[in-house]
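As C-alpha cells, the structure follows; a few thoughts come after it.
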Amino acid sequence: EPEVTQTPSHQVTQMGQEVILRCVPISNHLYFYWYRQILGQKVEFLVSFYNNEISEKSEIFDDQFSVERPDGSNFTLKIRSTKLEDSAMYFCASSVGALDYGYTFGSGTRLTVV
Amino acid sequence: DAKTTQPNSMESNEEEPVHLPCNHSTISGTDYIHWYRQLPSQGPEYVIHGLTSNVNNRMASLAIAEDRKSSTLILHRATLRDAAVYYCILRVPFNAGKSTFGDGTTLTVKP
C-alpha cells in the first residue's frame, strides 16, 4: 500500500536554528498537509497546500514557518528560527481530494529543540 | 471549529463488535464525517468517511444518523491491534483548519 514517507524520524536542534522537515507524499495525491502534535496534546493543523500554493493555514503557521514543493515529489516544512515550544511530532499528510477522500499520514518527525 | 463530541474512553473484549459514537450537532450540509485512529507513537490513520449514507470498508462501518447530527463507527470484531485513539472529524469544505482533531475516544481492547 502506498505510504507517505517522512525524514528524518527524529531531529534534535538548538534553539534559533533552522530546520527542514521532509515528506514524500503519495505520487498521485494533489493535496498536502502539515500537522503537529505536542507531546500529550491534540493533533493540530498547520497548513494545507494545493496547486503549488498554500490554500489554508492556521494561526500556528506564522512567519517562522514555510512550506515548499521544490521538485514535484518532496514536500518540505521549514522552521526558520526554532523555539523550545516548537518541540513536537510533525506529521505530513496527503490526499487525492480535499473532502471526499481520506488523508494518508506519514509516521512523523519528532523535533526536539534544546 | 467544526465541533464533535466523543466519549473519552471505551473498552471492548477481543473479537466482539465495538460501536464508537460521535455527536456533531452543528454539522453543515456539505461537511463530510471522517474517522481516523492513532496508535501509540504513530501518525493518524484514515479509517472511513461518509456524507449521508452508511459506508462499509475493509476496516470498519460508518453509520450516519438520518439527521446527520451523530454517527457511529463500528468495528465488527475488535482485535488487540485496534486499541488506539479514535477521532471523529468533520471535514469542512475549503477550510481544513476547521477540521480539527479533538480529544478522541481511547479504545482499550481486552483479551
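Couple of notes before you dig in:
- Candidates B:ARG58, B:ARG77, B:ARG68, B:ARG37: the one that is in a strand (DSSP E or B), out of contact with any His (no Cβ under 6 Å at 6 or more places or on another chain) and either more than 21 Å from A:TYR103 (Cα to Cα) or not aliphatic (A, V, I, L, M) (or both) is B:ARG37.
- Subset of the stretch A:30-46 (residues that are part of a loop (DSSP other than H, G, I, E, B), aliphatic (A, V, I, L, M) and over 18 Å from A:ASP100 (Cα atoms)): A:ILE38, A:LEU39
- Test result for B:PRO111, under 30 Å from A:PHE49 (Cβ atoms) and touching a residue at least 24 places away in the same chain (Cβ under 8 Å): no
- Screening B:ILE64 on (1) open to solvent by 80 Å² or more (accessible area, probe 1.4 Å); (2) at negative phi; (3) more than 10 Å from every other protein chain (Cβ to nearest Cβ) shows it passes everything except condition (1).
- Scanning the stretch B:80-94 for residues that are within 14 Å of the chain's Cα centre (by Cα) and part of a loop (DSSP other than H, G, I, E, B) yields a count of 1.
- Members of the stretch A:47-77 that are touching a Gly at 6+ places or on another chain (Cβ under 8 Å) and either loosely packed, with under 12 Cβ neighbours inside 10 Å or in a loop (DSSP other than H, G, I, E, B) (or both): A:SER58
- Qualifying residue in the stretch B:41-50 (condition: assigned to a strand (DSSP E or B), among the charged types (D, E, K, R), within 10 Å of the chain's Cα centre (by Cα) and modelled with pLDDT of 95 or more): no
- From the options B:ASN8, B:ASN23, residue that is out of contact with any Leu (no Cβ under 8 Å at 6 or more places or on another chain), surrounded by 15 or more Cβ atoms within 10 Å (Cβ to Cβ) and more than 12 Å from chain A (Cβ to nearest Cβ): B:ASN23
- Taken over the stretch B:95-111, the criterion of being in a strand (DSSP E or B) and crowded, with 18+ Cβ neighbours inside 10 Å is satisfied by B:THR105, B:LEU107, B:VAL109.
- Scanning the stretch A:34-51 for any residue that is away from chain B (no Cβ under 14 Å), touching a residue at least 24 places away in the same chain (Cβ under 8 Å) and among the charged types (D, E, K, R) turns up nothing.
- Top-ranked residue of the stretch A:87-103 - restricted to ones that are within 17 Å of A:LEU21 (Cβ to Cβ) and open to solvent by 10 Å² or more (accessible area, probe 1.4 Å), ranked as nearest to the other protein chains (Cβ to nearest Cβ): A:MET89
- Residue match in the stretch B:90-107 (condition: away from every other protein chain (no Cβ under 14 Å) and in contact with a Ser or Thr (Cβ under 9 Å, 6 or more places away or on another chain)): yes
- Screening the stretch B:28-44 for residues that are more than 7 Å from chain A (Cβ to nearest Cβ) and not hydroxyl-bearing (Ser, Thr, Tyr) and picking the one that is farthest from B:TYR86 (Cα to Cα) gives B:GLY29.
- Any hit, the stretch B:33-46, residues being open to solvent by 10 Å² or more (accessible area, probe 1.4 Å) and farther than 18 Å from A:VAL43 by Cα: no
The values are calculated or read from the model by the stated rules, or taken from the named source; none is laboratory data. Computed from a predicted structure; not experimentally measured. Because the Cβ atoms are built from the backbone with ideal geometry, glycine has one as well, and the counts that use them run over all protein chains shown. All accessible areas refer to the heavy atoms of the entire protein, side chains included, with ligands and DNA or RNA removed. Shrake-Rupley method; radii C 1.70, N 1.55, O 1.52, S 1.80 Å.
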